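Everything below concerns the one structure shown next.
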Amino acid sequence: MTALPDAEALLPALAAELRARLGPQTAMIGLYTGGAWLAERLHAMLGLSVPLGLMDIAFYRDDYARQGLKHDPKRTRIPFDVEGRDILLVDDVLYTGRTVRAAMNELFDYGRPRSIALVVLADRGGRQLPICAQHVGARLELPEDKRLRLRRDADGRLRFELEDAR
């Protein structure tokens, strides 16, 4: 059994690392669902003045037709102008890179950011696309038959859970 890191314990160091790169044009976007939870926490810890953006990338995934994913475009909410901004794109777990690719495709529909930095709580390896995170809470090696999930308890605490991949 792989020992999972304490998700809550990773937050302060990740926030401190991000604080060093903040500027007047920095904005944050969290990817539903786990990335949105993480972004909410980091946004508050960093005291960013630009409102938090949230993104649902389901429609932009390359497996959309096969999976029959439900897309609700009203869930994507980017309450700032993307053009020329330094974007902190936040997701919970980085695995194949396909979610991040989809997020960047959607993001460019809103404008051309100056830069995009990927922030993840866990990088579990297993990339299928040339995507890497600039800010990582923890790096793990997990077998392909396992899925790492971020869960949020009723009190708002974040925790990792390992489950069988379907």
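None of the figures in this text is laboratory data; all of them are computed from the coordinates on show. Keep in mind that this is a model prediction, so the values were computed, not measured. Please note: Cβ atoms are built from the backbone with ideal geometry, for glycine as well, and neighbour counts cover all protein chains shown.
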Query raised in the report: Taking 0.36 nm per residue of separation and subtracting the Cα-Cα distance, what length does fully extending ALA16 through THR33 add?
Result: 3.8 nm
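Note the full-extension length gain between ALA165 and ARG149 as 0.36 nm times their separation in residues minus their Cα-Cα distance, in nm to one decimal.
Value of the extension gain: 4.7 nm.
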Query raised in the report: What percent does the relative contact order of the chain come to when contacts are Cα pairs within less than 8 Å and at least six residues apart?
Result: 23
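In cubic angstrom, how much convex hull volume per residue do the alpha carbon atoms of the range 7-164 span? The partial results should precede the final answer.
Numbers: hull volume 18.9 nm³, N = 158.
Here the figure is 119 Å³ per residue.
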Query raised in the report: What does the charge dipole of the range 76-166 about its Cα centre add up to, to the nearest 20 debye, if the Cβ of each Lys and Arg holds +1 and the Cβ of each Asp and Glu holds -1?
Result: 40
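In deg cm²/dmol and to the nearest 500, what is the mean residue ellipticity at 222 nm of the chain if only DSSP H runs of at least 4 residues count, each as -39500 (n - 2.57), divided by the residue total? If you can, show how the numbers build up before the last one.
Numbers: 4 runs with 43 residues, N = 166.
Calculated from helices alone, the mean residue ellipticity at 222 nm is -8000 deg cm²/dmol.
Could you order the peptides 128-139, 30-41, 47-58 from most to least packed, using the average number of other C-beta atoms within 10 Å per residue? List each step's numbers first, then the result.
Working: 128-139: 15.2, 30-41: 22.4, 47-58: 18.3.
The most tightly packed comes first, giving 30-41, 47-58, 128-139.
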Report task. List every residue whose amide H lies under 5 Å from the amide H of THR26, counting only residues 5 or more places away in sequence or on a different chain, with H placed 1.01 Å from N in the peptide plane. Result -> ASP86
